1. Quick one: length gained pulling GLU222 to LEU196 fully straight, 0.36 nm per residue minus the C-alpha distance?
2. For segment 110-240, rounded, prolate or oblate, judged on the Cα gyration tensor with a ≥ b ≥ c (square roots of eigenvalues), a/c < 1.5 rounded, else prolate if a/b > b/c?
3. Could you work out how far helix 21-37 tilts from the main Cα principal axis of the chain, as a 0 to 90 degree angle to the nearest 10?
4. Explain nothing, just the number: dipole magnitude of the chain about its Cα centre with +1 on each Lys and Arg Cβ and -1 on each Asp and Glu Cβ, in debye rounded to the nearest 20.
5. What FRET efficiency comes out for the pair VAL29/VAL326, r = Cβ-Cβ distance, R0 = 22 Å, nearest 0.05?
6. With all protein chains present and a 1.4 Å probe, how do TRP243, TRP199, TRP189 order by accessible area, largest first?
7. Taking only the alpha-carbon atoms of the chain, what semi-axes of the equivalent ellipsoid follow from 5 times the gyration tensor eigenvalues under a square root, in whole Å, largest first?
8. With axes computed from alpha carbons, what is the tilt in degrees of helix 186-203 against the longest principal axis of the chain, rounded to the nearest 10 within 0 to 90?
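The values are calculated or read from the model by the stated rules, or taken from the named source; none is laboratory data. Predicted model, so just to flag it, every value in this text is computed and none were measured. Because the Cβ atoms are built from the backbone with ideal geometry, glycine has one as well, and the counts that use them run over all protein chains shown. Please note that ligands, DNA and RNA were not included when accessible areas were found on the heavy atoms of the full protein model with its side chains. Shrake-Rupley method; radii C 1.70, N 1.55, O 1.52, S 1.80 Å.
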Amino acid sequence: MSSRPDDRSGLLDRALARPSSAALGGLAVAVVLFGLLVPDLLTSGGLAGVLDVASTLGIGAVAVALLLVAGEFDFSVGVVAATSALASALLITAHGWNAWAALGAGLLAALLVGVVNGVLVVNTGLPSFLVTLATLLVLQGAASHGIGALSGSAAVDDLDDAPGWASAAAVFSGTVQVGEGRFRISLLWFVAVTALATWALWRTRFGNGLFAIGGARRAATELGVPVRRTTVALFCLTATAGWLIGVLALTRLGAVGVLPSAASGVDFLVVAVIGGCLLTGGWGSAVGAAVAALLYAVARQGITLAGWAPQWFQVLLGVLLVVALVVNGVVLRRLRAAPRS
């Protein structure tokens, strides 16, 4: 009987040692709750809808999670998705480019944004949330003006007949029918991005460097971690994730408006924090961000299918964020109190 408090403390420590624990618990509660309220959510059709939302959101959230581990922020992922997709669409329609070449040019444009963000952060010492917020505003204004000025309408469409479009659409927007659900290939992209990020974070020197940079930047520099180069690379990774999100939307719709992505940079940040990433850096996981994306999707689809007012989703998301911040605060206090060798 006297060992129970120690056992409970040990279980708590083991749970807190996994950044994804809170998100996993929240996902289990959400699945049970909305599964009882809306049984259609657990059908193949409902599952396809959940995974469709989670996959696009999760790609961005996993990339942002790696950046958060290193103690940096990026609010520009959503608008990079919009502008890179717009650039590709304009090259196809206005200049007759092959779809693959246009998508490649869009990737280069996204990487340029990532390089600019990273270089500004490491060379000026400005907070990354301010730098990427400025990038968001610049690109958002450019995208809004560019569509009207260059295409003469509020959207760029009629991309289906472009050379190479069919193969690009198969790679980025293919579907498989399972029962009543149409599952999209974006799910495979989501799984691949999560697996690659998890491997890089926990099995490579690059990942070890991210934890070192986020936990103690000066010490990481003294130990030889390439802090500046790694930081620029991380912003390039989030920009690449934005490009992929834009391509998934572009090939699905065959058109692009001002914002082809379903989420803004703030949504990706919120999901990463719910997934266990500390805002102070040095702690987090790609799996946690992926699980939190599933939690986000279950809640959104469940509320939609239940016929509730959309505002309830914002309420629930706020509650999840507060809970995540409280849990993260407990983790941070335990990390600071832990003895250091």
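1. Computed gain between GLU222 and LEU196 is 6.5 nm.
2. Working: a/c = 3.13, a/b = 1.40, b/c = 2.23.
Oblate is the answer for segment 110-240, as a/c is 1.5 or above yet b/c matches or exceeds a/b.
3. Helix 21-37 sits roughly 70 degrees off the main axis of the chain.
4. Values: 18 positive and 14 negative charges, 278 e Å.
In debye, rounded to 20, the chain gives about 1340.
5. Result of the calculation: an efficiency of 0.90.
6. Numbers: TRP243 35, TRP199 145, TRP189 80 Å².
Largest to smallest exposure gives the sequence TRP199, TRP189, TRP243.
7. Working: eigenvalues 236, 146, 53 Å².
Over the Cα atoms of the chain, the ellipsoid semi-axes are 34, 27, 16 Å.
8. Rounded to the nearest ten degrees, it is 40.
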